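Shown next, in structure tokens, is the structure this report addresses.
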Amino acid sequence: MARRTPALLRALDILELFTDGRESVSAPEVVEELDLPRTTVHELLHTLVDRQYLDPHPEIPGRYRLGLQLFRLGSAYAEGLDTARTGRQTARELVEACNETSHVAVLDDVHIVYVAKVDSSHAVRMVSTLGGRIPAHCTALGKVLLAALPEHELRTRLARTPPEPMTPRSITGVPALLDELRRVREAGTAVEICESNPDVCCVAAPVRDRTDQVVAAVSVSVPLHRWSEERRAELEDLVADGARRFTTALGGRVRA
């Protein structure tokens, strides 16, 4: 087995600190969180800045934020990813049909990562970020993706990372979450009412590839003041239809 390069691993560890949603880091934070020598951290940060993977924060001396080179790499990755490219088209179609914000997400262990987003034209709409990562169990997108896992894999992941609440309406217990996921499998769609954001409701449906595996989920998010049971039913039909088109575009088989 090829030997790993310690310096590269440490540099990647620094970049991966940003995956928890933080906006910037400082050298002392890196030293403490990664348990690295101060001299090593300063050398790594200097190198990452020199190569544009990090930028000095323009307003807070001593702090660093992600640099332009990472955006270039991420954009190149997204352009080559059929799921993201096709997802953007599906999301655009959904927004054209209902004028509410649409997302496409993939599963990352027990979190979701947004890979495509199209906003509505409303002044009040969901605030989210491409590449953003949030707990799957609190979202309709995540429920769809978790529901597709084999039960033993699902239980293993939940045992390792038990569900924690994001709002008072979030599901917190594993038994309650497993019951919810069974309902999602039966319905073929998932619904979230103020579970990740106290002012937002959402419906989602699964997307399959040519191997018949669920590889993504597509959703429509609605501010609470525009939500109703009638609207929910309309959006469930709309999202399910969008997911079927998305699945077909990826070479998947549409289920009855």
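For region 2-43, how many residues meet the condition of being polar (S, T, N, Q) and under 29 Å from the mean Cα position of the chain (by Cα)? Before you say what the answer is, go through the steps one by one.
Step one: filter region 2-43 for residues polar (S, T, N, Q), giving 5, 19, 24, 26, 39-40.
Checking which are under 29 Å from the mean Cα position of the chain (by Cα) leaves us with 19, 24, 26.
Final tally of qualifying residues: 3.
Per-residue answers, yes or no, for (1) in contact with a Cys (Cβ under 6 Å, 6 or more places away or on another chain); (2) of a type in the set (A, V, I, L, M, F, W, C); (3) modelled with pLDDT under 95; (4) in a loop (DSSP other than H, G, I, E, B):
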position: Leu17; (1), (2), (3), (4): no, yes, yes, no
position: Pro28; (1), (2), (3), (4): no, no, no, no
position: Thr47; (1), (2), (3), (4): no, no, no, no
position: Glu59; (1), (2), (3), (4): no, no, yes, yes
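State which residue pairs qualify: first residue under 24 Å from Leu73 (Cβ atoms) and inside region 31-55, second residue assigned to a strand (DSSP E or B) and hydrophobic (A, V, I, L, M, F, W, C) in any location, beta carbons under 8 Å apart, and separation of 6 or more residues or different chains.
Leu45/Leu54; Leu48/Leu54; Tyr53/Leu66; Leu54/Leu66; Asp55/Leu66
Conditions first: (1) under 16 Å from the mean Cα position of the chain (by Cα); (2) surrounded by 14 or more Cβ atoms within 10 Å (Cβ to Cβ). Asp109 passes all but one, so which condition is the exception?
(2)
Collect the residues in region 232-249 that are under 15 Å from Ile193 (Cα atoms) and either open to solvent by 50 Å² or more (accessible area, probe 1.4 Å) or of a type in the set (A, V, I, L, M) (or both), keeping them in residue-number order. Please lay out each step first, then the result.
Filtering region 232-249 for residues under 15 Å from Ile193 (Cα atoms) gives 232-233, 235-236.
Across region 232-249, the qualifying residues are Arg232, Ala233, Leu235.
Determine which single condition Tyr114 fails, assuming it passes every other condition in (1) open to solvent by 10 Å² or more (accessible area, probe 1.4 Å); (2) touching a residue at least 40 places away in the same chain (Cβ under 8 Å); (3) touching a Ser or Thr at 6+ places or on another chain (Cβ under 8 Å).
Evaluating Tyr114 over (1) open to solvent by 10 Å² or more (accessible area, probe 1.4 Å); (2) touching a residue at least 40 places away in the same chain (Cβ under 8 Å); (3) touching a Ser or Thr at 6+ places or on another chain (Cβ under 8 Å) leaves (2) as the failure.
Would it be correct to say that Ser121 is small (Gly, Ala, Ser), more than 11 Å from the chain's Cα centre (by Cα) and open to solvent by 70 Å² or more (accessible area, probe 1.4 Å)?
Working: small (Gly, Ala, Ser): yes; more than 11 Å from the chain's Cα centre (by Cα): yes; open to solvent by 70 Å² or more (accessible area, probe 1.4 Å): yes.
Yes; evaluated as a whole, the condition is true for this residue.
Determine which member of the set Val215, Val222 is within 15 Å of Ala140 (Cβ to Cβ), of a type in the set (A, V, I, L, M) and at pLDDT below 95. Reasoning before the result, please.
Working: Val215 fails: within 15 Å of Ala140 (Cβ to Cβ).
The unique qualifying residue is Val222.
Hey, any hits in region 80-101 for a residue that's at pLDDT 90 or above, assigned to a strand (DSSP E or B), in contact with a helix residue (DSSP H, G or I) (Cβ under 9 Å, 6 or more places away or on another chain) and of a type in the set (A, V, I, L, M)?
No: region 80-101 contains no residue that is at pLDDT 90 or above, assigned to a strand (DSSP E or B), in contact with a helix residue (DSSP H, G or I) (Cβ under 9 Å, 6 or more places away or on another chain) and of a type in the set (A, V, I, L, M).
Examine region 33-44 for a residue that is acidic (Asp, Glu) and assigned to a helix (DSSP H, G or I), and state whether such a residue exists. Quick ask: steps written out before the conclusion?
First pass over region 33-44, keeping only residues acidic (Asp, Glu): 33, 35, 43.
Pick out the ones that are also assigned to a helix (DSSP H, G or I) and you get 33, 43.
For region 33-44, residues acidic (Asp, Glu) and assigned to a helix (DSSP H, G or I): present.
For region 174-212, enumerate the residues that are hydroxyl-bearing (Ser, Thr, Tyr) and within 16 Å of Leu141 (Cβ to Cβ).
We begin by selecting, within region 174-212, every residue hydroxyl-bearing (Ser, Thr, Tyr); these are 189, 196, 211.
Result: Thr189, Ser196.
The values are calculated or read from the model by the stated rules, or taken from the named source; none is laboratory data. Because the structure is predicted, anything quoted here is derived from the model rather than measured. Every residue, glycine among them, receives a Cβ derived from its backbone with ideal geometry; neighbour counts consider all protein chains shown. The protein model used for the area step is the full one, side chains on, heavy atoms only, and it has no ligands, DNA or RNA in it. Shrake-Rupley method; radii C 1.70, N 1.55, O 1.52, S 1.80 Å.
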